[in-house]
Amino acid sequence: MVEQEPVAEEEKPPEAPSPEQPPADLTTNLSGGTGNDFGLSKGSGRGGNGTIGGTGSGRGGSKWGWYASGVQRSISDALGRHPSTRSSSISVQVRIWPDATGRVTRAQLGGSTGSSTLDETLKNQILTGLQLAQAPPADMPLPIVMRITARKP
């Protein structure tokens, strides 16, 4: 499961979506899964506690939930493609810094997966250098903090 930790900021009224910005009410509630989705499949959208499962509507969900769902998909795909993580059990907090093009230029683990080899692979081969589907919004605070959780299939 990939979770975005809440960012402390003042409550602002919901902004109207612009043509360049997807609607703010997209949902990305995560649920367990099987196969290569590592439990990062699309869920029902219930939430609202500041995690990726929030509504993104400005009513308690994440302002950037729509972007977090894209990051979630990119990381899930990368984990499924890499032979070291395809069948690994992982639960670790990560911080990533994407640049203006959406490429992750830095990744930091907030703990260990229990394997130093897997930690290095995750940080240096999977996350750092990962090209996200799109660049982060200009006003989005960095780093992006999330928890990656995967269970052996």
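Which length gain, in nm to one decimal place, applies between E120 and A133 when the Cα-Cα distance is subtracted from 0.36 nm times their residue separation?
That works out to 2.3 nm of additional length.
Using a cut-off of 10 Å between beta-carbons, work out the net charge of the residues near A107 (Lys and Arg +1, Asp and Glu -1, A107 not included).
Surrounding charge for A107 is +3.
Suppose R0 equals 35 Å; then what is the FRET efficiency for A100 and R151 from their Cβ-Cβ distance, rounded to the nearest 0.05?
For A100 and R151, the calculated efficiency is 0.50.
If you stretched the chain out fully between L142 and S89, how much longer would it get, using 0.36 nm times the residue separation minus the C-alpha to C-alpha distance?
Here the segment from L142 to S89 would lengthen by 16.4 nm.
Which whole-number percent gives the relative contact order of region 56-118, counting Cα pairs below 8 Å spaced six or more residues apart?
Relative contact order here is 21 percent.
Read-outs throughout are calculated quantities, based only on the coordinates presented, and are distinct from any laboratory measurement. The shown structure was predicted, so the numbers you read here are calculated from the model rather than taken from an experiment. Using ideal geometry, Cβ is built from the backbone for each residue, glycine included, and neighbour counts are taken over all protein chains shown.
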